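The next block holds one structure in the form of structure tokens; read it before the comments.
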Amino acid sequence: MNSKDLSIIVNGMQFQNPFLLAAGPPTTNGHVIAKAFDAGWGGIIAKTTCLESDKIINVVPRYGQIRSAETGDIIGFENIELISDRPLETWLGEFRSLKEQYPDKILIASIMEEYRQEAWQEIVTKVQAAGVDGLELNLSCPHGLPERKMGAAMGQNCQMTQEVCSWVKEVATVPFWAKMTPNITDITQPAKAAVAGGADGISAINTILCVIGVNLKTLRPEPCVHGWTIPGGYSYQAIRPIALRMVMELARALPNTPISGLGGIDQGTDALQFMLLGASTVQVCTGAMLKGYEMVSEMKQSCVAFMNDHGFESVRDFIGVSLPYFTTHSDLVNRMLRERKQVSTNSRDDDWAKTNRLSDLAAHLTSEKNVLLP
Ligand SMILES: Cc1cc2nc3c(=O)[nH]c(=O)nc-3n(C[C@H](O)[C@H](O)[C@H](O)COP(=O)(O)O)c2cc1C
């Protein structure tokens, strides 16, 4: 197979490849971040830090899972984990030594603070002085922190989002991305506010607020902490279609703003779809928790194979290439009629009456996978 240069420059940051680990358990301390760099990830976003880590107290258990009824494989994942409970000073020392050890890898710090200008500006100043290449503002954690008006409580409020980004812009000497919550009607609104406030890029999406299930023996919802729970953040493969839709909307609304796409990426072909819809980098969290850091090798191979198949020379060549093919439903109808395809050959009542298994009929109405148009 022909090898390809997978590097890409985004906001002045030179990534060896567009595959990044997202803020979360796979980037929970300097030791595992070094492992990720050794495995070949182009960059990482460290687990979110704040000024007062002693306020961060995690519960056990804090994860839940949905499995495929057929294979038993995990397809959806819930967490009620908070941001990092490690002291900022510890993180700053690790950022310094990681940049010394891995000068060519991109190290992005994820930060979150209360709704106070001094707090945001203090954490930005401290973290960038430790040598990180960029920042990601966590305006999107859906559980726990919103009770303190942090995380998603900010990202769901356009005015706060713009203001926080403008505070960061005043003191930032490195590029910063704003990480968006999907728990909102129109994700483009806070994203536009973030860019108006000075954000250099948008990361999307954080987890989707969910209730993973109720235990039918105990009658208690899960994950169950001494009998009680809260709604948590849903991630992994089940959320990918929603994440793809939101990345598409962001790329169309903000064509000049780099997007880092995430949500449900489990392999190279998943990542490529985010890039075709406009993401210039992609991030993985739950996939790496379940499959390990080595999964990046398959992602890189899959990207090279895809580029060879289509004759793309650089990663930039295919970012956003599938974006123009979204239109309105009435335009779809017109296109179908122009192609002289019949809307329906039989009366719909007959169709449904003829079958006992609705899935047989649904199969006729389902798009074939991987159909390539000329
Ligand atoms: C256990 C867990 C902890 C997470 N912690 C953080 C965090 O500290 N900061 C953050 O911005 N996102 C955090 N996330 C969200 C992920 O970075 C990511 O946005 C989300 O899980 C969707 O991507 P995925 O499907 O690849 O996991 C966490 C996710 C999980 C599953």
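Just so it is clear, none of the values below were taken in a lab; they were calculated from the coordinates. It should be emphasised that the depicted structure is a prediction, and the values quoted were computed from it without experimental measurement. Counting neighbours? That spans all protein chains shown, and the Cβs are built from the backbone with ideal geometry, glycine included.
For the Cα atoms of the chain, what angle does the longest principal axis make with the long axis of helix 30-39, in degrees from 0 to 90, nearest 10?
50
In the range 70-156, what GluC sites (Glu not before Pro) fall in a loop by DSSP, with at most 12 other Cβ atoms inside 10 Å? Mind showing how you got there, number by number?
Working: sites: E70, E78, E81, E89, E94, E100, E113, E114, E118, E122, E136, E147; in loops: E70, E81, E113, E114.
The qualifying sites are E70.
Take the Cα coordinates of the range 32-189, assign each an equal point scatterer, and use the Debye formula without solvent to give log10 I(q)/I(0) at q = 0.11, 0.12, 0.13, 0.19 Å⁻¹.
With no solvent term, the Cα-only Debye profile gives -0.48, -0.57, -0.67, -1.24.
Distance between the C-alpha centers of the range 207-242 and the range 107-133? Whole Å please.
Centre-to-centre (Cα) distance: 31 Å.
Given the convex hull of the Cα atoms of the range 56-133, what is a quarter of its surface area in nm²? Working shown, then result.
On the way: hull surface 31.6 nm².
Over every viewing direction, the Cα hull of the range 56-133 projects on average to 7.9 nm².
Determine the equivalent ellipsoid of the chain by diagonalising the alpha-carbon gyration tensor, then write out the semi-axes as square roots of 5 times the eigenvalues, largest first, rounded to whole Å.
Values: eigenvalues 254, 136, 88 Å².
Semi-axis lengths for the chain are 36, 26, 21 Å.
By DSSP, what percent of the beta bridges with both residues in the range 8-321 are antiparallel, rounded to the nearest 5? Spell out each step's value before the answer.
Numbers: 17 of 43 bridges.
Once the DSSP bridges in the range 8-321 are tallied, antiparallel ones form about 40 percent.
Using only the alpha-carbon atoms, how far is helix 158-171 inclined from the longest principal axis of the chain? Give it as 0 to 90 degrees, nearest 10.
The answer is roughly 40 degrees.
What's the angle, to the nearest 10 degrees (0 to 90), between helix 117-129's Cα axis and the longest principal axis of the chain?
That works out to roughly 80 degrees.
Please report V315, V225, V60, V32 as a ranked list, fewest other C-beta atoms within 10 angstrom at the top and most at the bottom.
Values: V315 21, V225 14, V60 7, V32 18.
The most exposed by this proxy come first: V60, V225, V32, V315.
What net charge is computed for the residues neighbouring Q189, neighbours being all others with C-beta under 14 Å from the C-beta of Q189, Lys and Arg scored +1, Asp and Glu -1? If you can, show how the numbers build up before the last one.
Details: positive: K192, R252; negative: D186, E249.
Once positives and negatives cancel, what remains is 0.
Can you give the local net charge around Q117? Use residues other than it whose beta-carbon is closer than 13 angstrom to its beta-carbon, Lys and Arg +1, Asp and Glu -1.
Once all neighbours under 13 Å are counted, the net charge is -4.
Sort D266, D73 by Cβ crowding within 10 Å, fewest neighbours at the top. Please report the intermediate quantities before stating the final value.
Numbers: D266 21, D73 10.
The most exposed by this proxy come first: D73, D266.
Return the lysines within reach of K35: Cα separation strictly under 29 angstrom, same-chain partners fewer than 8 residues apart disregarded; answer none if there are no such residues.
K4, K47, K55, K99, K105, K126, K179, K291, K300
Can you pull out the GluC sites (Glu not before Pro) in the range 252-340 that DSSP calls coil and that have at most 14 other Cβ atoms within 10 Å? Could you put the intermediate results ahead of the total?
Values: sites: E294, E298, E313, E339; in loops: E294, E313, E339.
Qualifying residues, ordered by number: E294, E313, E339.
Averaging sequence separations of C-alpha pairs under 8 Å and six or more residues apart, then dividing by the length of the chain, give the relative contact order as a whole percent. Display every interim value, and only then the final one.
Working: 746 pairs, mean separation 60.5, N = 374.
That works out to 16 percent.
Which three semi-axes in whole Å describe the equivalent ellipsoid of the range 1-86, each the square root of 5 times a Cα gyration tensor eigenvalue, listed largest first? Don't skip to the answer; put the middle values down first.
Details: eigenvalues 161, 104, 21 Å².
In descending order the semi-axes read 28, 23, 10 Å.
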